[in-house]
Amino acid sequence: MGIYSRDEIEKILKQYGDTIYRMAFVQVKKHDVAEDIYQEVCVKLLKQKARIEPEEHLKAWLLRTAINCCKDYWKSAWVKRLSWKEIEETSEVTVNAEEHDGYLTECVWRLPEKYRSLIHLYYYEDYSQKEIAEMLHMKENTVAIRLLRGREKLREMLMKEDRNYEF
């Protein structure tokens, strides 16, 4: 169907599969939905009609596709009928102190999407502001300002709990 062979697809998914899934999970906060989005990204890669070169563009394409699939999920009719509180109550997010300070992770999940995805790409995936701007088709200054505002919101949440973190 697509330009990539089965072996190439398997190699790509072995290399980037966890990253795609983590990005989806950070956005939607539900394991089953994150798995569906992961599968949707895989299907889009299978249907891809041209190779994505160089390889660093492939990772960016996969993450951008995952973000777009997450946005489509949030825009879907059935999700719009649910209130945010209902989504939070049914969310599978668990805070576990042994996993990278669960409270900080929980705070990141509570950020609005426009901050959450940027913070994830910057801190968890180690992309630069310039790379994020290119990947998301934004101005670099917009990325910088949203990262700054996202960190400020995180700091406010953490200060409420009397926790001090350096960003």
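Structure notes:
- Test: Asp126 is modelled with pLDDT of 75 or more, over 24 Å from Tyr73 (Cα atoms) and either in a loop (DSSP other than H, G, I, E, B) or acidic (Asp, Glu) (or both): yes
- Selection count, the stretch 1-29, where residues are open to solvent by 30 Å² or more (accessible area, probe 1.4 Å), modelled with pLDDT of 90 or more and of a type in the set (S, T, N, Q): 1
- Qualifying residue in the stretch 43-55 (condition: assigned to a helix (DSSP H, G or I), closer than 21 Å to His120 by Cβ and of a type in the set (Val, Ile, Thr)): no
- A single member of Glu89, Glu140 is modelled with pLDDT under 85, over 16 Å from the mean Cα position of the chain (by Cα) and surrounded by fewer than 15 Cβ atoms within 10 Å (Cβ to Cβ), and it is Glu89.
- Of all residues in the stretch 134-152, exactly one satisfies the criterion of being small (Gly, Ala, Ser) and under 16 Å from Val108 (Cβ atoms), namely Gly150.
- Per-region count, the stretch 30-39, residues in contact with a Phe, Trp or Tyr (Cβ under 9 Å, 6 or more places away or on another chain) and buried (at least 18 other Cβ atoms within 10 Å of the Cβ): 4
- Candidate set: the stretch 144-162, residues that are in contact with a Lys or Arg (Cβ under 8 Å, 6 or more places away or on another chain) and at pLDDT 90 or above; chosen: the one most open to solvent (accessible area, probe 1.4 Å): Arg146
- Where a residue in the stretch 11-37 is hydroxyl-bearing (Ser, Thr, Tyr) and its partner, wherever it lies, is at pLDDT 95 or above and in a helix (DSSP H, G or I), with Cβ under 6 Å and at least six apart: Tyr21/Tyr38
- Which listed residue is in contact (Cβ under 8 Å) with a residue 12 or more places away in the chain, surrounded by fewer than 18 Cβ atoms within 10 Å (Cβ to Cβ) and of a type in the set (A, V, I, L, M), from Ala66, Ala50: Ala50
- Residue within the stretch 22-31 that is of a type in the set (A, V, I, L, M), within 20 Å of Ser117 (Cα to Cα) and touching a Lys or Arg at 6+ places or on another chain (Cβ under 9 Å) present: yes
The values are calculated or read from the model by the stated rules, or taken from the named source; none is laboratory data. From a predicted model like this one, the values you see are computed outputs, not experimental measurements. FYI the Cβ positions are ideal-geometry reconstructions off the backbone, even for glycines, and counts take in every protein chain you see. Accessible surface areas use protein heavy atoms only, side chains included; no ligands, DNA or RNA. Shrake-Rupley method; radii C 1.70, N 1.55, O 1.52, S 1.80 Å.
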